[in-house]
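One structure is given here, and the rest of the page talks about it.
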Amino acid sequence: MCAPKFASGVIRFQKEIFPAKKALFETLSHGQSPEALFITCSDSRIETPMITQAEPGELFICRTAGNFVPPHAYQTGGMAASIEYATAVLKVPHIVICGHKECGALKAALNPEGAKDLPHMQEWLSMVKEAVDLVKENCADKSEAECAQMLVEQNVVLQIEHIKTYPTVASRLERGELELHGWVYDIKTGDVDAYDAQSRRFIPVAEYYSGRTA
């Protein structure tokens, strides 16, 4: 059996990439200070560092099916622990929740019969029920593509509301120490839209962040 491509990639990283960035990795070995907690989908087509052009150490990344964020509850979970650590210990100034078009989890949420033999997936999909109900109520006269786009966007908005339920997030929002961002990525075109809470619509990131300094 041939070595998998990703193993060959590790060898190339060690021989070519790491030596070119040795000073960066030496600095990172002493700790991290990421700019953002970046929550996105587990989908293999979402390459966060490529999309954002971020270097190692700049993003604290969490990935879940459908980029879902479970509402806060007093029970341990990987996502809850990561949110708590990022906001209370690393004190990231930004949280990005990034959804994407052609999301398999959201397709399953609209057509749950396809997940009837996947009990864990069925339970997981319950976290987007409010967005699904909203889309079904407002999509009677819209095409399938328009309904899918609406669900992708409404899911991001819903997950922003979910993350606000975390005490460490809520307290830092109250103090003005944290900013929430909702994004939608289009795999086919490379477009990224950001949620504008004032207009309650998604607009291109270049427009949304226009006038801000890096």
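The values are calculated or read from the model by the stated rules, or taken from the named source; none is laboratory data. Quick caveat, the model's predicted, so the values are computed rather than measured. Cβ placement follows ideal geometry from the backbone for every residue including glycine, while neighbour counts extend to all protein chains displayed.
Can you tell me which residue among Ala131, Ala81, Ala88 is over 22 Å from Glu47 (Cβ atoms), in contact with a Ser or Thr (Cβ under 7 Å, 6 or more places away or on another chain) and part of a helix (DSSP H, G or I)?
It is Ala88.
Out of everything in the range 190-209 that is closer than 17 Å to Thr48 by Cβ and β-branched (Val, Ile, Thr), what residue ends up being surrounded by the fewest Cβ atoms within 10 Å (Cβ to Cβ)? Top of the filtered list is Val205.
If the condition is being modelled with pLDDT under 90 and of a type outside the set (Lys, Arg), then the range 133-145 contributes Asn138, Cys139, Ala140, Asp141, Ser143, Glu144, Ala145. Regarding Ile39, is this residue in contact with a Ser or Thr (Cβ under 7 Å, 6 or more places away or on another chain), surrounded by 13 or more Cβ atoms within 10 Å (Cβ to Cβ) and at pLDDT 95 or above? Taking the combined requirement at face value, the residue does not satisfy it. Residue pairs, Cβ under 7 Å, 6 or more apart or interchain, first in the range 9-35 and under 24 Å from His94 (Cβ atoms), second β-branched (Val, Ile, Thr). List them. Matching pairs, first to second residue: Pro34/Val92; Glu35/Val92. In this structure, does Ala73 turn out to be within 30 Å of Ala145 (Cα to Cα) and at pLDDT below 95? For Ala73, the condition - within 30 Å of Ala145 (Cα to Cα) and at pLDDT below 95 - is not met.
Okay, residues lined up against (1) more than 25 Å from Lys188 (Cα to Cα); (2) out of contact with any His (no Cβ under 8 Å at 6 or more places or on another chain); (3) not β-branched (Val, Ile, Thr):
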{"position": "Phe18", "(1), (2), (3)": "yes, yes, yes"}
{"position": "Lys21", "(1), (2), (3)": "yes, yes, yes"}
{"position": "Ser33", "(1), (2), (3)": "yes, yes, yes"}
{"position": "Cys41", "(1), (2), (3)": "no, no, yes"}
{"position": "Gly66", "(1), (2), (3)": "no, yes, yes"}
{"position": "Ile83", "(1), (2), (3)": "yes, yes, no"}
{"position": "His94", "(1), (2), (3)": "yes, no, yes"}
{"position": "His100", "(1), (2), (3)": "no, yes, yes"}
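Kindly check whether there is at least one residue in the range 61-70 that is in a helix (DSSP H, G or I), of a type in the set (Ser, Thr, Tyr) and surrounded by 14 or more Cβ atoms within 10 Å (Cβ to Cβ). Scanning the range 61-70, I find no residue that is in a helix (DSSP H, G or I), of a type in the set (Ser, Thr, Tyr) and surrounded by 14 or more Cβ atoms within 10 Å (Cβ to Cβ), so the answer is no. Taking only the range 1-56 into account, find how many residues are outside any helix (DSSP H, G or I) and either among the hydroxyl-bearing types (Ser, Thr, Tyr) or within 26 Å of the chain's Cα centre (by Cα) (or both). So the count comes out to 22.
Listed by first and then second residue, the pairs linking a residue in the range 122-149 that is within 13 Å of Gly66 (Cβ to Cβ) and without any contact (Cβ under 8 Å) to a residue 12 or more places away in the chain to a residue that is surrounded by 16 or more Cβ atoms within 10 Å (Cβ to Cβ) and of a type in the set (Asp, Glu), with Cβ atoms under 9 Å apart and 6 or more places separating them unless they lie on different chains, form an empty list.
Scan the range 73-86 for residues that are surrounded by fewer than 20 Cβ atoms within 10 Å (Cβ to Cβ) and either more than 16 Å from Ser33 (Cα to Cα) or not aromatic (Phe, Trp, Tyr) (or both) and jot them down. Across the range 73-86, the qualifying residues are Ala73, Tyr74, Gln75, Thr76, Gly77, Gly78, Met79, Ala80, Ala81, Ser82, Glu84. One residue stands out in the range 87-102 among those that are touching a strand residue (DSSP E or B) at 6+ places or on another chain (Cβ under 6 Å) and buried (at least 19 other Cβ atoms within 10 Å of the Cβ): the one that is farthest from Gly57 (Cα to Cα), namely His100.
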